[in-house]
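Novice: After the structure tokens below, expect a handful of questions from me.
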Amino acid sequence: MVLLVIAAVLFVWNGGSLPSPLPQGSSSPTPTPTPSTSSGQADNMIRVSSPKPGEAIQSPVHIEGEARGNWYFEASFPGRVLDANGKILGLMPIQAQGDWMTTEFVPFKADLPFSTPATNTGFVVLQKDNPSGLPQNEDERRIPIKFGP
């Protein structure tokens with residue numbers, strides 16, 4: 001009886017349709033991430049004055065700019081440094097430098113320490129804080145950088 005109820009719930013949750021099986025020997029395609037400096041929406045949500053794209057950085061990297069209040073949650077958003085392979089080298093919350101309870105731009109700055117990279121290039125990633133976890137609320141600014149003096 002319990003299994004029947006679970007099956008009914010899953011059927012309704014899938015919009016009343018059964019998933020179609022994949023043909024033998026095939027698998028679903030694996031999406032390949034493409035590096036980008038930002039999503040289209042991020043251009044109107046966050047402005048970064050430091051670091052500049054292509055800039056050589058050392059630890060700690062100085063991050064500065066301004067973001068609209070709704071980029072933050074509880075006055076901060078996640079910042080991280082990645083190497084070219086996507087390995088996280090450093091991660092910390094970046095704090096608003098003013099009242100973030102607005103839709104206007106609010107300044108931010110941070111000095112984000114990171115570990116020694118295994119690659120010569122990477123990214124500084126400034127991620128919109130998304131406490132809801134909903135994919136439609138995700139956004140980020142990805143700044144390509146070089147490691148070194």
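Novice: Applying the selection to segment 123-146, what residues are in a loop (DSSP other than H, G, I, E, B) and surrounded by 15 or more Cβ atoms within 10 Å (Cβ to Cβ)?
Specialist: Within segment 123-146, LYS128, ASP129, ASN130, ASP139 qualify.
Novice: Scanning segment 64-77 for residues that are closer than 16 Å to PRO51 by Cα and not small (Gly, Ala, Ser), which turns out surrounded by the most Cβ atoms within 10 Å (Cβ to Cβ)?
Specialist: If we take residues in segment 64-77 being closer than 16 Å to PRO51 by Cα and not small (Gly, Ala, Ser), then GLU66 is surrounded by the most Cβ atoms within 10 Å (Cβ to Cβ).
Novice: Right, next: Which of the residues that make up segment 99-122 are in contact with a Phe, Trp or Tyr (Cβ under 8 Å, 6 or more places away or on another chain) and in a loop (DSSP other than H, G, I, E, B)?
Specialist: Those that are in contact with a Phe, Trp or Tyr (Cβ under 8 Å, 6 or more places away or on another chain) and in a loop (DSSP other than H, G, I, E, B): TRP100, PRO117, THR119, ASN120.
Novice: Let me ask something else about it. Being over 29 Å from THR119 (Cα atoms), touching a Ser or Thr at 6+ places or on another chain (Cβ under 8 Å) and either modelled with pLDDT of 95 or more or part of a loop (DSSP other than H, G, I, E, B) (or both) is true for just one of LEU22, LEU18. Which residue is that?
Specialist: Checking each option against the conditions leaves just LEU22.
The values are calculated or read from the model by the stated rules, or taken from the named source; none is laboratory data. Everything numeric here is computed off the predicted structure, so don't read it as measured data. Here Cβ is always computed from backbone atoms with ideal geometry, including for glycine, and neighbour counts include all displayed protein chains.
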